[in-house]
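J.: Take this structure first; my questions come after.
The values are calculated or read from the model by the stated rules, or taken from the named source; none is laboratory data. Please read all numbers here as calculations on a predicted model, not as lab measurements. Cβ: placed from backbone, ideal geometry, glycine included. Neighbour counts: every protein chain shown. These area figures cover heavy atoms from the full protein model, side chains too; ligands, DNA and RNA do not enter into them. Shrake-Rupley method; radii C 1.70, N 1.55, O 1.52, S 1.80 Å.
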Amino acid sequence: MTDTIVAIITALQESAISVLRLSGSDSIEIADRLFSRNLKEVESHSVSYGHIIDPVTKDTVDEVLVSVFKAPRTYTKEDVVEISCHGGILVTKKILALCLSEGARMARNGEYTQRAFLNGRIDLSQAESVMELIQAPNEFAAELAISGVQGNVKKLIDPLLEELIQIIANIEVNIDYPEYDDVKVMTEDIILPASKKFLKGLNKILVESKSGRILKEGVKTVILGKPNVGKSSILNVLLDEDKAIVTDIAGTTRDLVEGWIRLENVALHLVDTAGLRDTGDKIEQIGIEKSRAALETAELVIIVFDASQERDQEDLDLLEATKNKERIIVYNKIDLKETNEEGIYVSALNQDVDALVDEINQRYAEHKIALTQPTLSNQRQIASVQMSYLAMERAIEALEFGMELDLVIIDLNEAYTELASVIKLRKDINILDEIFARFCLGK
């Protein structure tokens, strides 16, 4: 943490520009020794034009712009210098080598964000959101990550931590000064109602986190149906590309074909399957086994029937196999024959799947609220809230049973630690410090 670090923060390839970033107490000094102009006296958050000069050979390496950001108003809360050079691989590596020769060391993966966290600029949830933004698989995930980077997870968790620390403080006072309050009255009038209110708040977060997870990860959607009902055609229309092979030969789909699509209210992780029929074809049978495995983990099933054909036993078997799943029944080839069966009507041949898209959007409309308010979507964070919920449930049960408060406090402390770990490292969580920090100055 005392080293000055450097890294190329743009892709190392031929491009218009490349950027190198120095961070640490010697950043400005190192850059100054390589730059053709004096950087020590420039103002923070300023850009200077000049050249990088090899201090040994005195050769000009490149024409650059150097941006100087002085602590603490920087990403890492340290002095930061960014060198924007031409995007050639050779020149970029040359400038990196010069920075290293002047005393910087190579930054480790994620070290800039790690320093931002350790220096107190961001909390743990914000650090995780930075990576989630980089790895976002769809626009919904990116919007949720931006919300996390802006500190909205902390805004969600902090009020609950405040509620819980007040409960714990009341109990700690009673344990140390039992003569101050009647334990039974304090439990029934203050601690138990406050604990139930806290539990309700945790439950709200967990319920709404489902929406955040759905938006972030997408809904795993399996398309099922007999051969030649148009499963692959529907997939191709939804994805607006020829992702799956479409022929009139039964069993063309031998493996799972996957793709992503963002609709108005939800993203779908679409999986076209080989169906569930019995077959003597060993290769097709492998695909069918994969279909069964995909169905097990599917969150939404689109069952496709041929509108021009009567339903048979194989169709009924599909309905039976998916009866406990969230599902949409679709009748394809409506251009060939109309049907009065209950379901969604489409024509993949005519690229008309609007009715299916509208139905999916309607089913998941409520989840889009996660984009307008603080919501958890990170699995680690959700797991921590779940553990806090379980600990508080045990505490409430103990309170209702009339258990001694010095035993109840164990579960309450665990509930606090689990919830605080959403935004802090466990080693940094000190409940007594949190209590005493609320005392007025001089007490």
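J.: Which one of the conditions (1) among the hydrophobic types (A, V, I, L, M, F, W, C); (2) under 17 Å from I191 (Cα atoms); (3) open to solvent by 70 Å² or more (accessible area, probe 1.4 Å); (4) modelled with pLDDT under 90 does L405 fail to meet, given that it meets all the rest?
T.: In the conditions (1) among the hydrophobic types (A, V, I, L, M, F, W, C); (2) under 17 Å from I191 (Cα atoms); (3) open to solvent by 70 Å² or more (accessible area, probe 1.4 Å); (4) modelled with pLDDT under 90, L405 misses (3) alone.
J.: Within region 1-26, take every residue that is small (G, A, S) and assigned to a loop (DSSP other than H, G, I, E, B) and give me the one that is nearest to C85 (Cα to Cα).
T.: That would be A11.
J.: Kindly indicate whether L371 is of a type in the set (A, V, I, L, M, F, W, C), open to solvent by 40 Å² or more (accessible area, probe 1.4 Å) and in contact (Cβ under 8 Å) with a residue 12 or more places away in the chain.
T.: yes
J.: A follow-up question, please. Can you tell me which residue is farthest from I360 (Cα to Cα) among those in region 248-273 that are open to solvent by 60 Å² or more (accessible area, probe 1.4 Å) and at pLDDT below 65?
T.: Across region 248-273, the extreme among qualifying residues is I249.
J.: (1) over 17 Å from the mean Cα position of the chain (by Cα); (2) of a type in the set (A, V, I, L, M, F, W, C); (3) exposed (fewer than 14 other Cβ atoms within 10 Å of the Cβ): which one isn't true of V91, the others all being true?
T.: Here V91 meets the rest and fails (3).
J.: In this structure, does S15 turn out to be open to solvent by 40 Å² or more (accessible area, probe 1.4 Å) and in contact (Cβ under 8 Å) with a residue 24 or more places away in the chain?
T.: yes
J.: For region 191-207, check the following and say yes or no: at least one residue is surrounded by 15 or more Cβ atoms within 10 Å (Cβ to Cβ), in contact with a Gly (Cβ under 9 Å, 6 or more places away or on another chain), at pLDDT below 90 and over 30 Å from A267 (Cβ atoms).
T.: no
J.: So which of D123, D79 ends up being touching a Lys or Arg at 6+ places or on another chain (Cβ under 6 Å), more than 27 Å from S46 (Cα to Cα) and charged (D, E, K, R)?
T.: D123
J.: Here is a list: E41, E29. Which entry is at pLDDT below 95 and either surrounded by fewer than 20 Cβ atoms within 10 Å (Cβ to Cβ) or not in a strand (DSSP E or B) (or both)?
T.: Matching residue, one of E41, E29: E41.
J.: Looking only at residues in region 382-402 that are in contact with a helix residue (DSSP H, G or I) (Cβ under 6 Å, 6 or more places away or on another chain) and over 10 Å from E418 (Cα atoms), which one is surrounded by the fewest Cβ atoms within 10 Å (Cβ to Cβ)?
T.: Checked region 382-402; the qualifying residue surrounded by the fewest Cβ atoms within 10 Å (Cβ to Cβ) is R394.
J.: While we're looking at this one, here's another question. For a quick check of your reading of the model, give me the residue pairs whose first member lies in region 377-399 and is free of Cβ contacts under 8 Å to residues at least 60 places away in the same chain and within 17 Å of R426 (Cα to Cα), whose second is part of a helix (DSSP H, G or I) and open to solvent by less than 80 Å² (accessible area, probe 1.4 Å), with beta-carbon atoms closer than 7 Å and at least 6 apart or on different chains.
T.: Listed by first residue and then by second, the contacts come to S384/E418; S384/L419; M387/E418; A391/D411; A391/E414; A391/A415; A391/E418.
J.: Does I360 count as crowded, with 16+ Cβ neighbours inside 10 Å, among the aliphatic types (A, V, I, L, M), under 34 Å from the mean Cα position of the chain (by Cα) and assigned to a strand (DSSP E or B)?
T.: No.
J.: Within the bounds of region 50-60, is there any residue that is touching a helix residue (DSSP H, G or I) at 6+ places or on another chain (Cβ under 7 Å) and over 13 Å from A31 (Cβ atoms)?
T.: Within region 50-60 (the criterion being touching a helix residue (DSSP H, G or I) at 6+ places or on another chain (Cβ under 7 Å) and over 13 Å from A31 (Cβ atoms)), the answer is yes, since at least one residue qualifies.
J.: Would you please name the residue that is nearest to the chain's Cα centre (by Cα), looking only at residues in region 144-158 that are crowded, with 17+ Cβ neighbours inside 10 Å and farther than 14 Å from S209 by Cα?
T.: The qualifying residue nearest to the chain's Cα centre (by Cα) is V149.
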